[in-house]
Amino acid sequence: MLQTLKTYKIQIIMALTVLVLYAAFAYDLERSDFVRLITLFAGSFYLSFKLIQRLRFNFKTLVILGVLARLIFIIALPNLSQDYYRFLWDGRLLAKGLSPYLLTPNQWVTSGEIPINQSQVLLDGMSGLSRQHFSNYPPVNQFFFWLSGILSSSSILGGVLVLRLCIIAADLGILWIGRKLLEKLKLPEHQIFWYFLNPFIIIELTGNLHFEGVMLFFLIASIYLLIRGNWLWSAVLMGCSISVKLLPLLLLPVLFQYLIKSSSSENQLSKICNPFLKKPLQSIWFLIRYYSVALLIFAVSFAPFLNAELLNHFTDTIALWFQKFEFNASIYYIVRWIGFQVKGYNIIGSAGKMLPVIVIAILLLFTFLRKNNSPNRLICVLLFSASIYFAFSTTVHPWYIATPLLLSVFTKYRYALIWSAAVILSYAAYQADNVHENLVLVALEYSAVASYLIWELINNKALKLFS
């Protein structure tokens, strides 16, 4: 025992230090204190980076460290985001049998009857934007909110604890499936810790209760099952992933070539479907079935909420993200600047409609012109598809980067890891009494990411930094 402590004393000191930094982050930090925020984050990131390098062959130790880091946040209220107040609001409405898509929080106030506990605390806690808009969280995401409402209908901390345990469980699922997928792809298994031990993931998901991790669990499990040849369950989990966050819906077309290839390959899939998949027409039929199952699961998840207003309320709220909101954008901010020079005003209304069309066009080029017929190529194109979507988005909150980060784990690219570190600069916008972005820091963030990506594309030695 003493010999082990002597051998690993540096690693033990580093691990204890990073846990102390997480405790300070969870219980002794105000979002507006940007200097303290970035110092704690930078220290955590550097130490985690070194620990993964030093202990990459000690899988169990890194798992324990990742779990301990998450448990430090277990009774902390989120300090970087107010979104959890809306999660609890929606969950308590659901626990009462009421639809969160029916009325906005402000409309509940106007109605004069709010049938949930601690309603004023939740209303005061959530942002003004959240109060005036309908819920934009899909039904599977709402299931977890409902769970918090059922298990803790009168305690803010109790509701937070329920949500946090769900997110931790999803991360453990990603660790388990991710290790299997890395083995399948013949990649080093320690690469999963660039997600599981990443301070960005621990702070944004476990700490601040963002459900990207739950969406990513369903997504990565779907991809793994597809590679294994189990198309039906892959499609079911893909539908669940879409019903947590809508992003996988955009990625569905990119699966086209891999599904065509899978429909005629000699694996479990072909054994199930033979002899009906020997002609192009049957391959198209297989595609239709996969997409139909995924979209059906997504559509059916809305069944408990069906009413005449559901579609309008949900789609109108989603549209706001493209045509009204703007935060930490990259290409859009350049377009916006050009708009000011040419038009003299903010062109988000028109740019917000144009940029998604450009993204879809690029994804269609990826779908039909790039060979995505092997597991490695498929995940690589999924990574670039998600990255392009965020590059053209008007709003890129820090936790959104969880998607390209996880996908990058299963490729040779590490620019998303740089992104997960640099995105912390966006928190400089949150000041004590208002939100005001520092565009110099935004430019620094994206310059770092773009520069590293270019280096990776032209120099394979870039990968060695994270091996």
So which aspartates and glutamates can Lys343 reach, going by Cα to Cα under 19 Å and dropping same-chain residues fewer than 8 places off? Glu326
Compactness ratio of region 28-83: Cα Rg over 2.2 N^0.38 Å, N = residue count? 1.35
Expected unfolding gain across Val121-Glu189 under the 0.36 nm per residue rule, minus the alpha-carbon gap, is 20.0 nm
The orientation-averaged projected area of the Cα convex hull of region 308-467, in nm², is 12.6
Cβ-Cβ FRET estimate between Thr39 and Ile284, R0 fixed at 56 Å, reported to 0.05: 0.50
Could you pull out every residue, at least 5 positions away or on a different chain, whose amide H is within less than 5 Å of the one on Phe327? Hs are placed 1.01 Å off N in the peptide plane, and Pro or chain starts have none. Thr395, Val396
Carbon + sulfur, % of accessible area of region 362-467 - ligands and nucleic acids excluded, 1.4 Å: 66
Quick one: pull the percent of accessible area on region 288-349 belonging to carbon and sulfur, 1.4 Å probe, ligands and nucleic acids left out. 70
Accessible area of region 31-128 belonging to carbon and sulfur atoms, whole % at 1.4 Å probe: 59
Once every DSSP H run of n ≥ 4 in the chain is given -39500 (n - 2.57) and the sum is divided by its residues, what mean residue ellipticity at 222 nm do you get, rounded to the nearest 500 deg cm²/dmol? -21000 deg cm²/dmol
For region 378-467, diffusion coefficient by Stokes-Einstein and Kirkwood Rh (Cα), 4 °C, 1.567 mPa s, µm²/s: 94
Note the per residue figure in Å³ for the convex hull of the C-alpha positions in region 99-229. 119
For each pair in Lys180/Lys245; Lys186/Lys261; Lys186/Lys412, compute the distance between the two Cα atoms and list the pairs where it is over 18 Å. Lys180/Lys245; Lys186/Lys261
For P(r) over Cα pairs in 20 Å bins from 0, in percent, calculated from these coordinates, the label among [x] 23, 57, 19, 0; [y] 19, 37, 26, 14, 4, 0; [z] 25, 59, 16, 0: [x]
Given Cα pairs under 8 Å that are at least 6 residues apart, what percent is the relative contact order of the chain? 15
Projected convex hull area of region 318-411, Cα atoms, direction-averaged, in nm², equals 6.5
Would you mind getting the accessible area per residue of the chain, heavy atoms of the protein chains only, 1.4 Å probe, in Å²? 44
How many lysine pairs in region 1-150, separated by 8 or more positions in sequence or lying on different chains, have Cα atoms less than 27 Å apart? 5
What is the Rg over Rh value, at two decimals, for region 1-133, using alpha-carbon atoms and the Kirkwood definition of Rh? 1.17
Place the peptides 291-297, 333-339 in order of packing, highest mean first, counting for every residue the other Cβ atoms within 10 Å and averaging per peptide. 291-297, 333-339
Tell me, what is the percent relative contact order of region 317-412, built from C-alpha pairs under 8 Å that lie six or more residues apart? 42
Excluding exposed DSSP-loop GluC sites (Glu not before Pro) (at most 10 other C-beta within 10 Å), longest clean stretch of the chain: 267-467
Quick check on region 191-231: what are the equivalent-ellipsoid semi-axes from the Cα gyration tensor, as sqrt(5λ), descending, whole Å? 24, 12, 4
So between Val300 and Ala169, what do we pick up on full extension, going 0.36 nm a residue minus the alpha carbon distance? 44.7 nm
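The values are calculated or read from the model by the stated rules, or taken from the named source; none is laboratory data. Note that the structure is a prediction, hence the values are computed from the model and not measured. Here Cβ is always computed from backbone atoms with ideal geometry, including for glycine, and neighbour counts include all displayed protein chains. Ligands, DNA and RNA are excluded from the accessible area calculation, which covers all protein heavy atoms including side chains. Shrake-Rupley method; radii C 1.70, N 1.55, O 1.52, S 1.80 Å.
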